[in-house]
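Here's the structure we're looking at; comments come further down.
The values are calculated or read from the model by the stated rules, or taken from the named source; none is laboratory data. On a predicted model such as this, the values are computed, not experimentally measured, just so you know. We place every Cβ from the backbone using ideal geometry, glycine too, and count neighbours over all the protein chains shown. With ligands, DNA and RNA removed, areas are computed over all heavy atoms of the protein, side chains included. Shrake-Rupley method; radii C 1.70, N 1.55, O 1.52, S 1.80 Å.
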Amino acid sequence: MSNGKYIDPVFQEIKVKSANNRKIIFEGRVTDEECLKTCYFLDKLMEHDRITGTKLPITIYLHTPGGSIFAGASLLGKIKYMQDKLGYTIIGEVGGYACSMGFQFLQACKVRKCYSYSQLMFHQPSSACWGDLQNQERDVELTKRLWEQMRDLVTSRTKITKEMAEEWKDRRIDKYFTIEEIKELNIVDEIIDL
């Protein structure tokens, strides 16, 4: 048990062995714990590379409905840093689904892959405000800024335009992409099973 949750030892062993093969499994909701574990595995692979003098590609296998944009920011930052500053190739590979923040992780990766049955979804961030009026106004401004960052990442990596993203936001659409849209909008670099 960890934090009141049962951790399957077989699944945990699979995760560790996958990391040793340069494939990190990100499964479940985007939480502080999942993002920090993934960052930890990335750090361990970088440490291994420093010792061995190698810098081989790393795959992050994504199977997530999304979750906390704040927790996800740590992993987005790590991916961008490793690619932009250290010259790593990070491969995002979607298993069943990469929605919301998981979609952002995929777009942050240098190489993006999915299967023909993978589900990909993009939408605006959600948040909750409380406290006095000034705190609520600050939270709304923060959420707007986060939306712009997420939108800009997606529009810089795909053929999704700012106008399309803004229209989906204004219409409050959770945009699930068909396989045809995935190809047409350059959402991934490779559809593995096609």
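Can you give the accessible area per residue of region 132-194, in Å², using a 1.4 Å probe?
Each residue of region 132-194 exposes 67 Å² on average to a 1.4 Å probe.
Suppose all protein chains stay in the model; what accessible area per residue would a 1.4 Å probe give for region 86-125, in Å²?
Per-residue value: 27 Å².
Using only the alpha-carbon atoms of the chain as identical scatterers, what base-10 log of I(q)/I(0) does the Debye formula give at q = 0.11 Å⁻¹?
Cα-only, vacuum Debye calculation for the chain: -0.53.
Take region 82-151, drop everything but the C-alpha atoms, weight them equally and run the Debye formula without solvent; then report log10 I(q)/I(0) at 0.19, 0.28, 0.29 Å⁻¹ to two decimals.
-0.82, -1.15, -1.19
Report the dimensions of region 105-194 along its three principal axes from the alpha-carbon atoms, largest first, rounded to Å.
The Cα atoms of region 105-194 stretch 53, 26, 21 Å along the principal axes, largest first.
Would you please give the FRET efficiency between ASP152 and LYS55, computed as 1/(1 + (r/R0)^6) with r the Cβ-Cβ distance and R0 = 25 Å, to the nearest 0.05?
0.35
Within region 56-110, list the trypsin sites (Lys or Arg not before Pro) lying in a DSSP loop whose Cβ has at most 14 other Cβ atoms in a 10 Å radius.
When the trypsin sites (Lys or Arg not before Pro) of region 56-110 are filtered for loop state and at most 14 Cβ neighbours within 10 Å, LYS85 remain.
Note down the Stokes-Einstein diffusion coefficient of region 42-115 in µm²/s, whole number, using a Kirkwood radius over alpha carbon pairs, 4 °C, and 1.567 mPa s.
Rounded to a whole number, D works out at 103 µm²/s.
Pick from VAL94, VAL140, VAL30: which residue has the top mean-square fluctuation in a GNM of the chain where Cα pairs under 10 Å get a spring?
VAL140
Ignoring solvent entirely, what values of log10 I(q)/I(0) come out of the Debye formula for region 118-168 at 0.17, 0.25, 0.28, 0.32 Å⁻¹ when each Cα is a single scatterer?
Normalising to I(0) and taking log10 leaves -0.60, -0.94, -1.06, -1.22.
Nearest 5 percent is fine: what portion of the DSSP beta bridges confined to the chain is antiparallel?
Roughly 15 percent of the DSSP beta bridges within the chain come out antiparallel.
Tell me the carbon and sulfur percent of the accessible area for the chain, rounded to whole percent, probe radius 1.4 Å.
The C+S portion of the solvent-accessible surface of the chain is 53 percent.
Please list, in chain and number order, the residues 5+ apart from GLY67 or on another chain whose amide H is under 5 Å from its amide H, with Hs placed from the backbone.
Residues meeting the amide H criterion: VAL30, MET101, GLY102.
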